[in-house]
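Below is one structure, written out as structure tokens, with a few remarks after it.
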Amino acid sequence: MNVDPMMHLADAAISLELETPEMTLNVGPQHPSTHGVLRLKARIDGERIIDVDPVIGYMHRGYEKLAEVRTYPQIIALLNRIDWVSGYANEIPFVVGAERLMEVEPPPRAQYIRLILTEMARIASHFLFMASYPMELGAASPFFFAFRERERVLDLIESVTGGRFHPNFNRVGGVKPAAGAGSTTKTVIQDLPAGFYAETRIAMDKVLAVCDELDDLIVGNEILHARTKGVGVMTAELAASYGVSGPNLRASGVEFDLRRTEDYLPYEDFDFWVPTGENGDCYDRYVMRVHEIRESAKMILAAIDGIPSGPIIAKVPKVIKLPKGEIYMRAESPKGEVGYYLVSEGGTGPYRLVVRTASFSNVSVLPVLLEGVLVPDLVAIFGSFDFVLGDVDR
Amino acid sequence: MNFYLELAIKMVVIFAMVPVTALVTGYAELKLSSHMQSRIGPYYAGVRWGWAQLIADGVKFLQKEDIIPDNADRPVFSLAPVMVMISTVAVFMVIPFGSSGYAIGRNVDMGIFYAMAISSVGTLGVLMAGWSSGNKYSLIGGLRAGGQLIAYELPLVLGVVGVIIQAGTLSMQGIVEAQIAQGWPFAFTQFVGLFLFLIAALAEMNRTPFDMPIAESELVTGFLTEYSGFRFLFFFLAEYANIFAYSAIAATLFLGGWGFWGVSAAWAGPFILVAKTFALSFVVIWFRWTFPRFREDQLQSLAWRWLVPLALANIAVTAILKVVI
């Protein structure tokens with residue numbers, strides 16, 4: 001009751017200062033550059049972002065639960081739908097894990113075919129990024145250059161597996177005989193389609209050429225540098241604490257590549273460079289992918305030169321049954337570390353399959369990086385992480 | 001000829017010219033962008049080369065339902081596309097297409113002043129569109145356009161001042177005649193002005209690398225987000241007619257307008273001007289399909305820290321040389 005009227009006057013004087021109210025900007029789930037259905041609830045003050053709350057789960061399809069009621073060969077078909085941009089690379093750790101539990105060693109030729117296709121999936125996935133990221137920064141033309149060559153790579157994957165996005169080509173113990181080869185010809189050279197080597201050489205030369213073309217067109221562009229250098233800087237400590245992996249982690253200067261540390265495919269036969277960045281900004285994350293495309297293309301060229309002959313699938317029973325046990329198998333997918341924790345109680349299907357995807361961890365660091373940046377940088381930063389929403393939500 | 005009859009005929013011609021130039025420029029953009037991106041582009045509409053693609057698009061827009069969002073400010077929302085269109089049409093009034101009085105809408109004594117002033121009204125329409133749409137993306141886009149107008153109006157006008165000093169007149173016709181009289185276009189002496197004018201005009205037109213008001217990857221389509229059908233068509237036509245208008249002004253001021261060495265036939269004037277204009281429009285389209293977009297604060301610092309001082313230096317040097325020589 002005994003309010004001093006002068007206090008109100010003092011309050012009034014303070015509120016005379018220019019106040020700009022905050023505004024909530026809902027970026028997504030339907031937005032041109034959220035790569036699907038990511039929703040970012042951003043509180044903004046003018047164009048300055050105060051904080052961002054990512055909302056995920058719009059694309060949850062329940063793969064872990066689905067895997068519990070399916071047999072092992074059926075699960076392989078599920079897994080390449082998690083991250084559809086690099087479907088083939090997602091199958092690998094699961095089949096390798098199952099093979100380890102079964103104590104089956106896939107023949108060397110099958111391992112080489114897996115390696116070639118994994119690297120092709122990496123090129124395809126990185127080309128999608130090379131296409132979409134300049135688009136997010138406002139440059140439309142690189143999209144078509146990158147997609148043209150991506151189509152070439154997808155054609156190769158299709159010629160071997162029969163599918164562009166969802167190859168479903170691995171079997172526990174090796175790979176499937178190529179389309180049209182027939183079940184009786186597993187051991188002969190017909191596992192890869194005729195002309196595959198020649199076409200791969202042509203395609204990889206084109207891929208390397210278009211990388212140089214993209215360098216001229218966009219990577220060296222001053223405006224791109226202005227938009228990406230020093231933007232969204234992620235320190236190595238921050239990246240590691242959020243479990244960021246793949247090119248995003250390497251851009252922060254951490255030389256961590258599961259192709260080097262895990263022996264799930266014969267990567268030790270190849271001499272490849274693992275590029276690392278210095279600053280961990282959007283530009284570093286962007287050029288990481290260009291370097292990796294080049295390294296993968298060179299690796300594929302070396303692999304088709306050195307591919308051993310022999311069978312493409314080991315001797316496995318008709319009905320795949322895994323012994324009791326559990327295993328965590330991880331691999332370097334184009335997006336980062338993809339891992340499957342496989343628990344078997346015996347039988348034709350897993351008791352439990354836990355899926356660790358790269359995009360989920362990569363997205364979780366976004367609120368930290370997006371604090372205090374401008375709205376255009378929001379797009380530049382989250383675009384640079386190259387996530388796929390199917391990979392986030394599973 | 002009767003003054004009012006002449007005026008009426010000129011008005012009709014100008015109103016017809018705006019959509020025609022917009023369609024030609026728009027078609028050029030479709031085809032040029034396609035060939036820059038290893039595509040074919042429009043191909044089927046109109047039997048050959050897809051020449052009728054934009055006419056078909058226009059007819060499609062006319063058939064669309066006219067949607068006004070519930071929380072839009074209706075009168076402002078409806079007026080915004082008209083404002084944009086009016087400013088574009090009005091600019092065409094002072095562009096000289098030839099030496100005779102019939103080849104220019106009205107030979108205003110302060111022609112270039114009028115053109116600069118009236119073309120800014122279009123940005124007001126953009127601001128109105130962003131404000132009235134009742135959409136946050138539109139609002140940000142509209143305000144960005146407003147900020148861009150304030151920043152780039154200055155280099156645009158200051159870039160022209162050098163030409164005005166050299167020509168000694170504000171009349172568009174007078175500037176062309178001054179260039180013909182001295183025997184070479186002002187682009188040779190006012191290259192800094194041309195450079196400033198082109199950059200600032202890109203920003204005024206909201207074209208890449210200054211297309212932040214639209215910025216489809218950030219703001220959906222900025223101030224255009226809520227527009228559809230006929231109102232969107234107005235913005236669309238105005239955008240492409242604006243490319244033509246700004247290119248024509250630049251051609252008139254810096255490239256000698258309708259004049260060309262050794263050509264004195266009166267009928268050749270419009271063709272020469274249109275050829276020069278399309279050469280500049282090509283540059284504008286080329287930029288769009290090559291460059292990423294700047295950030296809003298980078299655009300501001302480019303304008304205030306580089307373009308405005310450069311323009312002022314250009315004016316000072318021009319003025320000194322004008323007095324000395």
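The values are calculated or read from the model by the stated rules, or taken from the named source; none is laboratory data. These figures come from a predicted structure and were not determined experimentally. Using ideal geometry, Cβ is built from the backbone for each residue, glycine included, and neighbour counts are taken over all protein chains shown.
In region B:202-209, the count of residues that are on the phi > 0 side of the Ramachandran plot, within 13 Å of chain A (Cβ to nearest Cβ) and part of a loop (DSSP other than H, G, I, E, B) is one or more.
Residues checked against (1) β-branched (Val, Ile, Thr); (2) in contact with a helix residue (DSSP H, G or I) (Cβ under 8 Å, 6 or more places away or on another chain); (3) modelled with pLDDT under 85; (4) not in a loop (DSSP other than H, G, I, E, B):
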{"site": "B:Lys31", "(1), (2), (3), (4)": "no, no, no, yes"}
{"site": "B:Ile55", "(1), (2), (3), (4)": "yes, yes, no, yes"}
{"site": "B:Ile86", "(1), (2), (3), (4)": "yes, yes, no, yes"}
{"site": "B:Asp109", "(1), (2), (3), (4)": "no, no, yes, no"}
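Scan region A:223-245 for residues that are more than 18 Å from A:Glu278 (Cβ to Cβ), more than 9 Å from chain B (Cβ to nearest Cβ) and part of a helix (DSSP H, G or I) and the total you get is 1. Out of all the residues in region A:354-370, is one or more modelled with pLDDT of 85 or more, within 14 Å of chain B (Cβ to nearest Cβ) and within 22 Å of the chain's Cα centre (by Cα)? For region A:354-370, residues modelled with pLDDT of 85 or more, within 14 Å of chain B (Cβ to nearest Cβ) and within 22 Å of the chain's Cα centre (by Cα): present. In the set (1) surrounded by fewer than 15 Cβ atoms within 10 Å (Cβ to Cβ); (2) within 14 Å of chain A (Cβ to nearest Cβ); (3) in contact with a helix residue (DSSP H, G or I) (Cβ under 8 Å, 6 or more places away or on another chain); (4) outside any loop (DSSP other than H, G, I, E, B), the condition left unmet by B:Glu6 is number (2).
The condition of being part of a loop (DSSP other than H, G, I, E, B), closer than 20 Å to A:Ala139 by Cα and not charged (D, E, K, R) does not hold for B:Phe188. For first residues located in region A:243-255 and surrounded by fewer than 24 Cβ atoms within 10 Å (Cβ to Cβ), partners that are in a loop (DSSP other than H, G, I, E, B) and of a type in the set (Ser, Thr, Tyr) and lie 6+ apart or on another chain with Cβ distances below 6 Å form the pairs A:Gly253/A:Thr276; A:Glu255/A:Thr276.
Conditions tested, residue by residue: (1) over 22 Å from the mean Cα position of the chain (by Cα); (2) of a type in the set (Val, Ile, Thr); (3) within 14 Å of chain B (Cβ to nearest Cβ); (4) within 30 Å of A:Glu326 (Cβ to Cβ).
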| residue | (1), (2), (3), (4) |
| --- | --- |
| A:Pro21 | yes, no, yes, no |
| A:Thr24 | yes, yes, yes, no |
| A:Gly28 | no, no, yes, no |
| A:Ser33 | no, no, yes, no |
| A:Gly36 | no, no, no, no |
| A:Gly57 | no, no, no, yes |
| A:His60 | no, no, no, yes |
| A:Ala67 | no, no, no, yes |
| A:Ala89 | no, no, no, yes |
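Within region B:255-325, which helices (runs of 4 or more DSSP H) (wholly inside it) include 1 or more residues that are within 14 Å of chain A (Cβ to nearest Cβ) and either in contact with a helix residue (DSSP H, G or I) (Cβ under 8 Å, 6 or more places away or on another chain) or closer than 30 Å to B:Gly141 by Cα (or both)? Those helices (runs of 4 or more DSSP H) span B:268-288, B:296-301. Looking across region A:51-96, the residues that are within 19 Å of A:Ala121 (Cα to Cα), assigned to a loop (DSSP other than H, G, I, E, B) and touching a Pro at 6+ places or on another chain (Cβ under 9 Å) come down to A:Asn80, A:Asp83.
For A:Leu249, the stated conditions hold: it is more than 14 Å from chain B (Cβ to nearest Cβ), in a helix (DSSP H, G or I) and hydrophobic (A, V, I, L, M, F, W, C). If you take the residues in region A:192-207 that are out of contact with any Leu (no Cβ under 9 Å at 6 or more places or on another chain) and in a helix (DSSP H, G or I), which one is farthest from the other protein chains (Cβ to nearest Cβ)? Per the criteria, the residue is A:Tyr197.
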